[in-house]
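So the structure is just underneath, and the comments pick up after that.
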Amino acid sequence: TAPAYVNTISYVNIQTQGNAAYFGDLNLTSGNGAAASNAVRGIFFHGLIPGAYTNSIDYVTMASQGNAVDFGDKTNDAYYGSGCASPTRAVYAGGATPVPSPSTDINTIMYIQIATTGNAADFGDLTGYGGKTNATAGGSNSTRAIWWGGTDTPGYATTNVITYST
């Protein structure tokens, strides 16, 4: 089985068939994070780290292999959220936070400007989930981000709701 926490970055050449190859390492060994990218940068929103939670964000330059560089911080210690991006912004939505204990699902959407580095800022809230959800999936194009599915607490009921942001 795969380890719960990793720091390696792999890549594939989409135009050819073949296995993934080593790209570099993230700044932290983590799990349950999310990713987003444009044509220039790949962004990784860290989630859980062994024995703790983190709000760290890393990035890589897609055109050159190498280790990730610190981008900034998320607005909270969320994990199990989802990421997506336009050519200019990356967003991270939903997830769970460790406080209060036990972990609590959240409906927060945060964003970063991909071309710069710095901390994430509040973008708004997910709607249509009855408030909060984690383990959502996300996707986007240049103008619209969508999120679907996931679970909520208590009870971890699944949802088939799709919501979007422009």
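The values are calculated or read from the model by the stated rules, or taken from the named source; none is laboratory data. All of these numbers come straight from a predicted model, not from anything done at the bench. No Cβ is skipped: glycine too gets one built from the backbone with ideal geometry, and neighbour counts run over all protein chains shown. Note: accessible area is taken over every heavy atom of the protein model, side chains too, but ligands, DNA and RNA are not part of it. Shrake-Rupley method; radii C 1.70, N 1.55, O 1.52, S 1.80 Å.
General remarks:
- Segment residue 142-residue 40, extension gain: residue separation times 0.36 nm, minus the distance between their alpha carbons: 35.3 nm
- The three principal axes of the C-alpha atoms in the range 56-128 carry coordinate ranges of 40, 23, 17 Å, sorted with the longest axis first.
- Intensity falloff of the range 1-80 expressed as log10 I(q)/I(0), Debye formula with alpha-carbon point scatterers, at q = 0.19 Å⁻¹: -0.82
- Counting Cα-Cα pairs of the chain in 10 Å increments starting at 0 gives whole-percent bin shares of 11, 39, 37, 13, 1.
- Note on residue 10 and residue 116: with the Förster distance fixed at 22 Å, the Cβ-Cβ geometry gives a FRET efficiency of about 0.25.
- Per residue solvent-accessible surface (Å²) - the chain, probe of 1.4 Å: 53
- Accessible-area composition of the chain, carbon plus sulfur, in percent [1.4 Å probe]: 52
- Sum of side-chain charges, residue 30 neighbourhood, beta-carbon under 14 Å (Lys, Arg +1; Asp, Glu -1): -4
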